């Protein structure tokens, strides 16, 4: 009888307390593991969104500053210089700015963005008795971004047009767009350069135009990421 009792004691399993302690320890370990995994995923998504925003800002800034760099001042004869850049402060979506400007174009297909004129529109002066300005810049806009192809005189995308203008703004879908407007102010072409932009502010001091772009995006974990970039563009043309 003593032998049977000993066998029964040897077959005894885990107690309820032992099982509960084991489950509790496993729960702590599992919770820690998932917290580490969640933190890692959140960090990865945050970094990914930040990189995407920086890429959008960099691409947008490069495009607008490169084209704006070609703009400048129209000055014919003894006339006062007229800046070809127009900044509409707080006139865009959510108080953003709207930037409009013209660039030199090659109107007469001679490879030079100027033309011969006999009347510059100025009153005669001792230095310019006949108001003959000689060569002056033809101002306008190409349909395509930074297009350097000569004026085609037709209706394809590579044409450059006098008195047309370029406009940069943020639309109601948070996209940074480039528009080309004809002489009457009608939009004839729109190109989207970037998404998720929420801020576009422009200031000018002489021949230097300062631009600030802001992009914003929310990660899948609900974290709001905001990125900002600043740059200056020197207006290099005058004539």
| message | So residue 233 passes all but one of these: (1) touching a helix residue (DSSP H, G or I) at 6+ places or on another chain (Cβ under 6 Å); (2) on the phi > 0 side of the Ramachandran plot. Which condition number does it fail? | response | (2)
| field | Within region 144-211, strands (runs of 3 or more DSSP E) holding 3 or more residues that are within 21 Å of residue 229 (Cα to Cα), at pLDDT 90 or above and over 11 Å from the mean Cα position of the chain (by Cα) | value | 197-205
| Has region 221-229 got any residue that is exposed (fewer than 12 other Cβ atoms within 10 Å of the Cβ) and free of Cβ contacts under 8 Å to residues at least 24 places away in the same chain? | yes
| task | Could you grab me the full set of residues in region 55-114 that are modelled with pLDDT of 85 or more, out of contact with any strand residue (DSSP E or B) (no Cβ under 6 Å at 6 or more places or on another chain) and assigned to a loop (DSSP other than H, G, I, E, B)? | result | 89, 90
| task | For residue 14, state whether it is over 30 Å from residue 233 (Cβ atoms), at pLDDT below 75 and either touching a helix residue (DSSP H, G or I) at 6+ places or on another chain (Cβ under 9 Å) or not in a helix (DSSP H, G or I) (or both). | result | yes
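The values are calculated or read from the model by the stated rules, or taken from the named source; none is laboratory data. What you are looking at is a predicted structure, and each value in this text was computed from that prediction instead of being measured. Methodologically, a virtual Cβ is constructed for each residue, glycine included, from the backbone with ideal geometry; neighbour enumeration extends over all protein chains shown.
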